[in-house]
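Written out below as structure tokens is the structure these notes cover.
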Amino acid sequence: MFGSWFNFRNTWTTSTIYRVGDVVNHVTSGTLIPANANFTLSRQVPRSYICINQHTSSPTIGPIDATYWTPINQIGTLNTQTAAGSQIGGYTLGVFGENHYGSVVLPNRGIAYDASPFYRGGGYKNTVESLTLGYVSRNGQCITWGTGENSSLGVIDNSQSSAALSITFTYYDWWRSTSNGGTGVHSTPDNQVPRVIQWEKCYSRNLVLMNSGEVFSWGYGGNGENGDGSTSNRGVPVRVGGTVNNIFNVVQASHSFWNVRIKRIAMSGGCGTPDDPAHALALDENGEIWGWGYNGFGQIGDNTTTSRNVPVKVPRSRFNNNDVVAIWAFGNRTGWSAAVDSTGTLWMWGYNGNGQLGLGDTVNKVIPTQVTAVSFGGGGVGNVVKINHSDRWNGSSGEGSTAVLTDTGRIYCAGLQGSAWMGLGNTTQQNTWVNVGSGPGSIASSVASDMWMVGSGGNRVTLYAKSSADNVLYGCGYNARGQLARGGTGTVQQATFDKCKMNVAGVLYDMVNVRRLAYSGQDDVCSVHAILDNGLGFGAGDNNVGQLSNGTNNQFQNWADSNNIEAIAQYAFQPIRGASDMIGNFDDVMGFGRDPTNYYFATLWVNKEGRVMVNGRGNQVQTSMYGAGSQDNANATLLSTIAQF
């Protein structure tokens, strides 16, 4: 039974107003399968329910009524998403069970248990290029450890920690909200202390959203990335919106978010060469966008190239006076942005040196510009359900690519493609949105149900597409580390899509039923981590420091175990090794790290109960807290010490 959700209302009662997101306990009668036709066994079944439609309860409108309630288990709704409601919105629900220090959501996976139709699979980034690891716990904390570059660990006076630490936040705006007898807008659904519901993380920067609509930042801030009126690095979280004095004293003219509730955040970075300059976007409850940070290419969208150290609003008129319903921030120094409005129209702006905006040219855009060559939002093209990207700063210029998945099963691409990842049979840069040329997502085979981009920049990108026709994973593009997993020992990149393979008991089969996919890597290095619908975990690609968790740090093409079953000497998705309560029970995975020379890479795995395990490089204390010392850890290790918090 649940008592730790944001808006827990205790036992269900009649004649009570219940709003979307309210959680109640209720006892119902359950019937067991009868032993024979002469009798029936019954029992009282206690269960927790979450409200999905506002109503006033009555003897005939109770928790068993599916119109108003959905049953929940320890990790959330039973394999479904809770419908967002007009009162508080799905983004403020929180998702916390009995295991307070288990993981509820990983960095860059979007909002916990998000029901938004624009971020299929959660979030829009598939890696975290940081030497600090972490996750959001079920009691709403950010748990962090590792090496914090540019003060990015989030704990004052700590640039490195081999123990998991809990980050502290100061809720100035929540304290003066209606939750505490004030008039401020930053209340929480249960009037309790705010909890983290989204964590965006990259090289040396962090951005966090609370269920109070407050936004916090820490790490590198040389271009105003922290949004606190400064250009300083911050070792602990600061409230985005203005200086500490202006926020504490409610200087309204100098606190951008004093009466603004944010419902989603986005931050550039997440897959390229580590680089400090970045920009951030925030979407408020009124459907308007705010931006801050580095703006050298117009990526904030405010019609300038001036960096901002406090959030500025992008006028609604830039989107034909429509509400914005989804936002994305890409790249690092050479950043670009995207948004979808309430009509389904796609808008792009920012850096366009590789044509990644898909607007038919390579001219940077300092204001949101409507995509017209392809009519996203309806017809045969369909509505946007996911956007991925790849970026890289090569020291003198940017390298970038973008891919869009629609609800008609098509994938559209723009930008650099030196690795032929678009499946067109060539490596020609595409400045206008084009449909992938082969495989799931093409016009000839519009059956893509999901997609994942991995790799740095358009010249090292691999694109995976899952087919709804046969549930097989297909891959195309870069293959220097065997990440296409086609079997054999070849590493030649592929210009058309082909089926990926997985090793099951020494035999290669088509890679099927992939539900989650992430990677760790930079430049030529790429390690891919996948979870299937049945909870099994697999890895493909580079394994130099054991980041694929197969019990060794050998590369797959030249190593097999003694029985040639758990691992075979071919490039394929190989089963990972871990604790018995993790195998077959995986729920999410994320790759962390950077530096292809020293291989500072690690992987976090989460099971369905929220337990976390880590494997990979240890000499930056990414895994050292778990008994690996400063050594690499090729076997994923349970984060059992988390229970000490």
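The values are calculated or read from the model by the stated rules, or taken from the named source; none is laboratory data. Small disclaimer: the values here were computed from a predicted structure and weren't measured. All Cβ positions, glycine included, derive from the backbone under ideal geometry; neighbour counts span all protein chains shown. These area figures cover heavy atoms from the full protein model, side chains too; ligands, DNA and RNA do not enter into them. Shrake-Rupley method; radii C 1.70, N 1.55, O 1.52, S 1.80 Å.
In table form, for the structure just shown:
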| read-out | value |
| --- | --- |
| Cα-centre dipole for the stretch 437-500 with unit charges at Cβ (Lys and Arg positive, Asp and Glu negative), debye to 20 | 180 |
| Environment charge at SER520 (Cβ cut-off 10 Å; Lys +1, Arg +1, Asp -1, Glu -1) | 0 |
| By average C-beta atoms within 10 angstrom, highest first, the peptides 504-510, 288-294 | 288-294, 504-510 |
| Potential extension, ASP361-THR428 segment - 0.36 nm per residue separation minus Cα distance | 22.7 nm |
| Sorted peptide list for 517-524, 12-19, 241-248, criterion being average Cβ within 10 angstrom, highest first | 517-524, 241-248, 12-19 |
| Whole-percent carbon and sulfur share, accessible surface of the chain, 1.4 Å | 46 |
| Whole-Å semi-axes of the stretch 556-601's equivalent ellipsoid (Cα gyration tensor) | 22, 20, 9 |
| Computed helical MRE - 222 nm, the chain, DSSP H runs ≥ 4 contributing -39500 (n - 2.57), nearest 500 | 0 deg cm²/dmol |
| Size of electric dipole in the stretch 457-610: Cβ of Lys, Arg +1 and of Asp, Glu -1, about Cα centre, debye, nearest 20 | 240 |
| Rounded accessible area per residue of the stretch 161-276, 1.4 Å, Å² | 31 |
| Taking the chain and dividing mean pair separation by its residue count, relative contact order in percent (alpha carbons under 8 Å, at least six apart) | 9 |
| Accessible area per residue in Å² at 1.4 Å probe, computed on the stretch 326-435 | 25 |
| Cut-off 10 Å between beta-carbons: net charge of the residues surrounding ILE111, Lys and Arg +1, Asp and Glu -1 | +2 |
| DSSP bridge pairs, the chain: antiparallel proportion in percent, nearest 5 | 95 |
| Among ASN354, VAL240, THR147 - extreme Cα towards positive end, dipole of the chain, charges at beta-carbon | VAL240 |
| Cα centre as origin, Lys/Arg/Asp/Glu Cβ charges: the chain dipole, Debye | 500 |
| Charge dipole of the chain about the Cα centre (unit charges at C-beta), most positive-ward option of GLY482, THR70, THR428 | THR70 |
| Charge context of ASP510, other residues only, Cβ under 15 angstrom, K/R +1, D/E -1 | +1 |
| Where Cα atoms sit under 15 Å apart: lysine pairs in the chain separated by 8 or more or lying on different chains | 6 |
| Nonlocal amide H pairs with VAL366, under 5 Å, H built at 1.01 Å | GLY350 |
| Extreme residue, positive dipole direction of the chain, given options GLY182, ILE262, GLY377 (C-beta unit charges) | GLY182 |
| Probe 1.4 Å, protein heavy atoms only - accessible area per residue of the stretch 473-569 in square angstrom | 33 |
| Protection proxy ranking of 350-360, 366-376 - average other beta-carbon atoms within 10 Å, highest first | 350-360, 366-376 |
